[in-house]
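Here is the structure we will look at.
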Amino acid sequence: MEVEPPVAAPSSPLVDEDFVMVEAGEAQGAAKDANPAAGPPPAQVAADEDMVVEIQQEKRPEIKLEDLFDGMDSDDDDFQSSSNPLNVKEPVEEEAYDPSFELLRIYYQRFFPWRYMFQWLNHSPVPTNDFKHREFSLWLHNDAVMRYQSYTTSDLFRKDVLRLMPRRIEIGPVYTADPRDRKTFRNSTAFVPMAKELCFDIDLTDYDDIRTCCDKANICNKCWRFTTMAIKVLDTALREDFGYHHILWVYSGRRGVHAWVCDKQARTLQDHQRKAIASYFEVVSGKAGGKRVNIRRPLHPHLSRSIDLLKEHFQHDVLETQDPWASPEKADALLLQHIPDPDLREALRKKWDASPGRPSSSKWADIDALAQTGAVGAAFDPKDLLDAKQDILLEHAYPRLDIAVSQKLNHLLKSPFVIHPGTGRVCVPIDRDNLDGFDPLNVPTLQGLVREVDAWGGGETTDGGVAGAADGGAGGGDGGGGGASSQEVKHVQDWEKTSLKPYIEYFRSFVTALMKEEREAAVKRERVEDGDVEVKVESLDF
Amino acid sequence: MNRIDIKRRNVVDHRKKQFADPAYKQTQYPHRLNFYSTPPTADITLEQFEQWAIDRLRILAELEACSFRNKTPAETALHMKPLLDKYLPLDASSSGHSQLQAQRQKDHYSHFILRLAFASTEDLRRRFTRVETMLFRLRFQADDSRERAAFVRTLNLDWEPVSEDEKRELSPQLATTIGFGYGKRAQQVMDEEWCKVDWMRVPDLIEGRKVYVKAGKAYVPGREQQSMVLNAFTKRLEQALELTARALPRLDEDDRLTPILNHLSKNFIAPDSSYTGSGMAIESAEISARNIDNLSQHFPMCMNHLHRSLRRDAHLKHFGRLQYTLFLKGIGLNLEEALVFWRSSFNKITDDTFNKEYRYNVRHSYGDVGGDSNRRSGGYSPYSCQKILTEHAPGPGEAHGCPYRHFSLENLTTLLRASGVTDRAVLQGVKEDTESQKFHMACNRVFEHLHKTELKRAKDEGVMTAAQLETIVHPNEYFKRSYLLKNMNKQKQQVDVKMEG
Ligand code: SF4
Ligand SMILES: [Zn+2]
């Protein structure tokens, strides 16, 4: 990952000139004429001249979008490829009807939890700047990315998404002003990012050197255990060490997870503080093959606790399931190299050479066994061996983070509940209390959801009235002009008829708890302010 | 929401201010140290105004020079002592000095006068904050420990002391953060003064897992508290300077002060000219024969290549030896170590051959032998990029010269990759630079890439001035800058370690 992820620094010319292909203002201009029920959005996009100009600009030969975004979210490496399972066509044939496109529209209309998304980001039932000044970035099907989108209400957000049908939505920071107005603040400190959830990103490709069941973009339930371990360690530390309560874990749709720490204090962390906390969790560093764990002794309490949490997993999920040291080369690189005593190292090597294919768990047991029978040098210190074994455990089981995601206030991250275009899976939240029960291969998919809801309703179909129950507003029959309200309709909502239900319910309870705390904190703040708080202001009169 | 909060605050505060009684009276100074949160209000003469400011400026400029020369804290303290005694004395309360109040008044006023002089531009503000923090640190460290503790208590830093009970309860966790003494760690925990702060206040301690954190509170041992006080000092001063900057226009009304202030800030512009040229050695680095491998990470490609070739072939040809010997001399390798280095590097030849063929040349380069003039001038000077780029282009089997100029693009790329430069954009930039004959620009580009994190930090923290970040035109400058940047942390740690002693 050499290319820096795009960040939303308003002062950076790179961001302004190269990443932002479509400007907020232009996009909004088209909002009125848009008709989400009509043909695929590329036609509408093309209808907006400004936008086309910008998109073409993006196609300047010297900078390729793919290059710029390369490595930004490795989960979507097949994003730009033409073999898109959704079969989304390039915006050429205006008239063409695209069934998968229709699915996505149905999803945004009827399943996407607009209301809770809004509440999640807004922290209150009435729109505040937390929502209004939040940057959204929409990835369109023609590879254009619309940065700096913002919405004054949840309904406008929904309408814009339905109009543009982005294949991906990213969430950026809350700015000091409306992101759409940022140009009026050029070169000024009046437009700066001021808040965003503290985020973490775990991606299974970072485990490829110890993952034997799958590699690259593939995952199975065996290697998913690495993610489970990572979540346990991080979640525990974020709660116990840093005192956070509102931590949302979201499946990234293919082979990773994102964490969104939503506590108010976490949202307002500055970059240097984000960097500090990210490096607090940076234990496995450097490239595979070298000594990747370099930690001080005595062990920091966070590390000894993590080791306790990971011990079982290391034994079962790593040694037994993955058998990472089956080959002599792997055993050498991942294990023997780290054994401090040369005599012991030699003895182990000899033993394993004599029984090829010896499983990793036996090799692990051999270390202590041989050390106890005295196959060690004169300078052998059991303490060193213990340290080395702890390091090995951490290298294999401790979370491997993409810390770039955590370090920057203005880093964008894929929104929960969007559809992963490669797998069709919904990026659902993961219930921390049922972590072991989460099966990434079995989450709701776009195609599945539509099928489920059809099956549920018997006679009900995707057209007309029923869809009007979709959470947060109007449904399939909506021509885009109607003032769809976000009032709750007393009706079974579409998502409730599907396997998406537990995920949205979990999300709802998460959001409710967050809003409750936010409200209570606000009340407390009022009291403090009405009380006797002194703020000294410098006086220069002398 | 946040912005509304701020407004409300201000409203409350303005009201308060109106009713506060104007304190136009002589300030009392119970403590030697001062966080300068209250501006002075009593009248002073114009002469005092100017003289006090000049005296303080002298101190600050000297402190800045010390940091440019990379003096250790102990050396700086030693160097500053007589100057401080002369221009800005500040005695402990316990000394019973008759001039205590006058000293403190001068310290107080001169600080505020210079604030006015240095608030105008961001660069000046940053430098001022930095040197003022250095001055504060110097005094803080020298302060009587009881008086210091009393002073810190007045700061309202919302540190919560950790109770004896809690210390006992958390003893195993806390013990892990105060070092290696396995035996008496529990006792150490009890002996130490711990305090609790929000972890965000001490990000540098969180970053290295240097402290125990629980429920968002960092448990900071006494020895680390100094850095928190200094952080608070810096932070408050930064904020105050911003406010001052905004209030500056009002001051123009007093045309007696403006020329003085302008003059003061001008005198602070030119930092240190002795930075380049001689004195390239870095005092804190271990420059020895056996450490060259390690130091070579800081070498520019020309020297990097020489070093690699030397290690590969156990030999270098004449010009290579010359270029490299002089460079090593420039980084501070003394003659004795240089001889050890060359002898051990040429490990395929006998002592006899070495003494006969090479020893003399090394000594000559150091001015240890040769004619009078060579000895007087201490041998040759290390080669500049200019010289390396234009003189004696390397032939086959020779490793000297500048890779950006003398290598094929393919070889250059291989060398760069081997040295950790894999970023496509950088490699592309290097290609363009060399194609347009801007060889040293390529070198600087690579330098910037390899040190981008550190450079950013140095800039953010104002550790290096613009002058120090000019284009590199000398391999030794490359080394020095690289070394300093990569060791910013270490130098900080040294400060802390020395503090304890
Ligand atoms: S430009 Fe100068 S410093 Fe850089 S490699 Fe060439 S000679 Fe060395
Ligand atoms: Zn797998």
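The values are calculated or read from the model by the stated rules, or taken from the named source; none is laboratory data. As the structure is a computational prediction, the values presented were derived from the model and not from experiment. Every residue, glycine as well, gets a Cβ built from its backbone with ideal geometry; the counts of neighbours run over all protein chains shown. Accessible surface areas use protein heavy atoms only, side chains included; no ligands, DNA or RNA. Shrake-Rupley method; radii C 1.70, N 1.55, O 1.52, S 1.80 Å.
Things worth noting here:
- Extension gain, residue A:239 back to residue A:221 (0.36 nm per residue minus Cα-Cα distance, nm): 3.8 nm
- Spacing of the two label points (7 Å from each Cα toward its C-beta) at residue A:527 and residue B:414, in nm: 7.3 nm
- When the pairs A:264/B:210; A:287/B:452; A:291/A:311; A:291/A:383; A:132/A:516; A:216/A:501 are compared against a 28 Å limit on Cα-Cα distance, A:216/A:501 fall above it.
- Label-to-label distance for residue B:238 and residue A:349 is 5.2 nm, based on points extended 7 Å past Cα in the beta-carbon direction.
- Protection proxy ranking, highest mean first, for peptides A:497-503, A:411-417, B:36-42: A:411-417, A:497-503, B:36-42, where packing is the per-residue count of other beta-carbon atoms within 10 Å, averaged.
- Amide N proximity, segment B:204-221 versus residue B:160 label position 7 Å along Cα-to-Cβ, cut-off under 14 Å: B:213-220
- Inter-chain Cβ neighbour count for B:206-218, averaged per residue, equals 6 (cutoff 10 Å, partner chain atoms only).
- The solvent-accessible area of residue A:438, taken with every protein chain present and a 1.4 Å probe, is close to 20 Å².
- Using every pair of distinct Cα positions in segment A:201-303, the Kirkwood expression returns a hydrodynamic radius of 15.2 angstrom.
- Projected-area mean, segment A:237-356, by convex hull of Cα positions, square nanometres: 10.2 nm²
- Note on surface exposure: A:386, A:103 rank A:386, A:103 by accessible area, highest first, 1.4 Å probe.
- Percent accessible area from carbon and sulfur atoms, segment A:229-299, protein chains only, probe 1.4 Å: 49 percent
- With DNA, RNA and ligands ignored, accessible area of residue B:328 (1.4 Å probe; Å², nearest 10): 0 Å²
- log₁₀ of I(q)/I(0) at q = 0.10 Å⁻¹ - segment B:383-474, Debye sum with one point per alpha carbon: -0.29
- Label zone at residue A:434, where the point sits 7 Å out along the Cα-to-Cβ direction: segment A:498-528 residues whose backbone N lies under 14 Å: A:498-510
- Rounded, prolate or oblate (a/c below 1.5 giving rounded, otherwise prolate when a/b exceeds b/c) for segment A:110-152 by Cα gyration tensor: oblate
- When the alpha carbon coordinates of segment B:109-220 are projected onto the principal axes, the ranges are 53, 30, 25 Å, largest first.
- Estimated FRET transfer efficiency (residue B:191, residue A:454; beta-carbon r; R0 60 Å; 0.05): 0.25
- Square roots of five times the Cα gyration tensor eigenvalues for segment A:320-440, Å: 40, 18, 13
- Estimated at the nearest 10 Å², the accessible area of residue A:353 is 100 Å² with a 1.4 Å probe.
- Ordering of B:471-478, A:326-333, B:162-169 by packing [mean C-beta count within 10 Å, highest first]: B:471-478, A:326-333, B:162-169
- Estimated inter-spin distance, residue B:121 and residue B:350, nm [label 7 Å along Cα→Cβ]: 6.6 nm
- With a 10 Å cut-off around each Cβ of A:234-243, the average count of Cβ atoms from other chains is 3.
- Extent along principal axes [Cα atoms of segment A:287-345; Å; largest to smallest]: 34, 27, 25
- Per-residue shielding of B:195-204, expressed as the average number of other chain Cβ atoms within 10 Å of the residue Cβ, stands at 4.
- Positive minus negative residues near residue A:333 (Lys, Arg vs Asp, Glu; Cβ under 15 Å): +1
- Efficiency of FRET from Cβ geometry, residue B:391 and residue B:72, R₀ 51 Å, rounded to 0.05: 0.85
- Applying 1/(1 + (r/R0)^6) with R0 = 25 Å to the Cβ-Cβ distance of residue A:126 and residue A:501 gives a FRET efficiency near 0.40.
- Computed packing ranks the peptides B:447-456, B:224-233 as B:224-233, B:447-456, most packed first, by mean other Cβ atoms within 10 Å.
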